[in-house]
Amino acid sequence: MQASHQYINSSMSSRSFYRPVKEVEPYYFCYNDSTVVTQFSVPNCYEPYCTLESSSANHSYNRYNSPSTVNFSPNGSPMSQQESQSYPPDLHHSPDNAYGSPLSGSCITNDASDLRHKLRELETVMLGPDSDIIDSIDSTFQNGTDTCSSEMNSGIQIMGAISRRDVKEVLIACAKSVSDNDLLMANWLMDELRQMVSVSGEPIQRLGAYMLEGLVARLASSGSSIYKALRCKEPASAELLSYMHILYEVCPYFKFGYMSANGAIAEAMKDEDRVHIIDFQIAQGSQWITLIQAFAARPGGPPHIRITGIDDSTSAYARGGGLSIVGRKLSKLAQKFKVPFEFHAAAMSGYDVKLENLGVRPGEAVAVNFAFMLHHMPDESVSTENYRDRLLMLVKRLSPKVVTLVEQESNTNTAAFYPRFLEALNYYTAMFESIDVTLQRDHKERINVEQHCLARDIVNIIACEGPERVERHELLGKWKSRFKMAGFRPYPLSSVVNAMIKTLLENYCNKYRLQERDGALYLGWMDRDLVASCAWK
């Protein structure tokens, strides 16, 4: 890459980087001939996410210089918290310059002055107003009529992407440089990306802001303690719940997962008198509101229901208290609908669960629910304990009537950094585009929703390795292999469930799609699968 480095060095030193630059709706859960209407008031909740504090950053442009906290300036560009306190204000910043870009402060050093002079001339031609000249240069290189090295060609292609402000292409080039440990190129591209991304821009600009943060964090410390290193204020529990609730309402991903799982459980338990549901990440307990109501309407009367809720400290933070909050809410609901009900709290992580913690009683029909949870468990690639498979084998010993699985359809578990980055970029591009359709860009809480509900996952996938990387998604094909290895057999989902979800999606953008393949349901955005749901016995 030496030739491209020299070219980039000339570019960096010879120019300024100045560029102007609802009300909750009910959904229906059907049980045989009965239809039950429910209105959710709270969503399922992940762990609390770090606030990136876009409102508190200084109005100066700053470069990353050390493994310090990453923050976001009002224009959406990431910047170091440490540097935002130590660098002088940007003299080029003005109301007319939305990006506040100063003269480049690149860490790239100058090389031979004569080569720099020649390359400046080339740059002048490339970056001039005549785009047809750039096209002709690209065409020349593509046709192999120029003798310039492949490294120089790569540098020119990158410069073309920068001049087009192609955030996605520059992100990919930057990730490749990080993967190749090409720090010279990576730092230059990060400087360029800071001028392109914005937490209040188009979907790819917003996603780019968080992916850039992940790249910077990876270079700074390889993500060894990313959750702890981000010195930022967590939102209050009520605020976090509000953000999750907004995401829950504007996108159908959670509702899809809960409805499909509840449908499988209702079908499996239609003739049972005593039902024990074990939820390995109960969060707010919202998933069970519709199921309790459906059981209440069951012909012949409801069964006795017992729910075991497994929890951890982060979910407790989001709730603003322990599992007793969930128990009281569900008990009150069951009493209202005259459903015999018990709640069993198991305040521990899924890592630590043992058979005796689940309190299964003779005569109970057991249903186990894994909704957006199993991907957090380390497997054989991380730990000799292989918690992922161990937990499935433990559940098999319960002889459950049904086990439900809902997971993101993404492949980020064992993939190396660069293909993992590409997968995350593809997956979250679809996610951010789907948010953009429903949640207006000027919605006052949209930035908070994306920062607290998505950004931390993105940074973890990009910046962390080993046990510190907890966002480890697998494609459904891999999950099927794990379930079969643990002794499970597929439990076909009811066609009634499929029809219910299709009805649900009528309330959303027509770019969402639902497909049934090999006994599983897939919810996607356009041509990208995002969430998969299936059941086992």
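The Rg/Rh ratio of the stretch 230-313, with both radii computed over alpha carbons and Rh defined as the Kirkwood radius, is 1.07. Sorted largest first by accessible area at a 1.4 angstrom probe radius, with every protein chain in place, the residues ARG164, ARG218 fall in the order ARG164, ARG218. When each of the peptides 440-453, 401-414, 180-193, 284-297 is scored by how many other beta carbons lie within 10 Å of its residues on average, the order from highest to lowest is 284-297, 401-414, 180-193, 440-453.
Is the shape of the stretch 288-363 best called rounded, prolate or oblate, per the rule: a/c under 1.5 gives rounded, else a/b larger than b/c gives prolate, else oblate, with a ≥ b ≥ c the square roots of the Cα gyration tensor eigenvalues? Verdict is oblate for the stretch 288-363. Across the stretch 326-406, the volume of the C-alpha convex hull divided among the residues equals 116 Å³ per residue. Remark: accessible surface ordering of MET431, MET348 (largest first) is MET348, MET431, probe radius 1.4 Å. Rg over Rh for the stretch 162-212 works out to 0.96, using Cα positions for both radii and the Kirkwood form for Rh.
The stretch 469-513 and the stretch 353-369 have Cα centres spaced 24 Å apart. Share of pairwise Cα-Cα distances greater than 13 Å in the stretch 310-353 is 56 percent (whole percent).
Mean projection of the Cα convex hull over all viewing directions, computed for the stretch 409-537: 9.3 nm². By the rule of a C-alpha distance below 18 Å, with chain neighbours fewer than 8 residues away ignored, the lysines paired with LYS444 are LYS22. Which links in LYS354/LYS401; LYS168/LYS511; LYS332/LYS502; LYS329/LYS396; LYS480/LYS537 stretch past 23 Å when you go from one Cα to the other? Long pairs (Cα-Cα over 23 Å): LYS332/LYS502; LYS329/LYS396. Which of the three applies to the stretch 320-459, rounded, prolate or oblate, going by the alpha-carbon gyration tensor with a ≥ b ≥ c and a/c under 1.5 meaning rounded? Note, shape of the stretch 320-459 comes out oblate.
The values are calculated or read from the model by the stated rules, or taken from the named source; none is laboratory data. Remember, it's a predicted structure, so these values are computed and weren't measured experimentally. In this analysis, Cβ positions are derived from the backbone assuming ideal geometry, glycine residues included, and neighbour counts consider all displayed protein chains. What goes into the accessible areas is simple: the full protein's heavy atoms, side chains included, and nothing from ligands, DNA or RNA. Shrake-Rupley method; radii C 1.70, N 1.55, O 1.52, S 1.80 Å.
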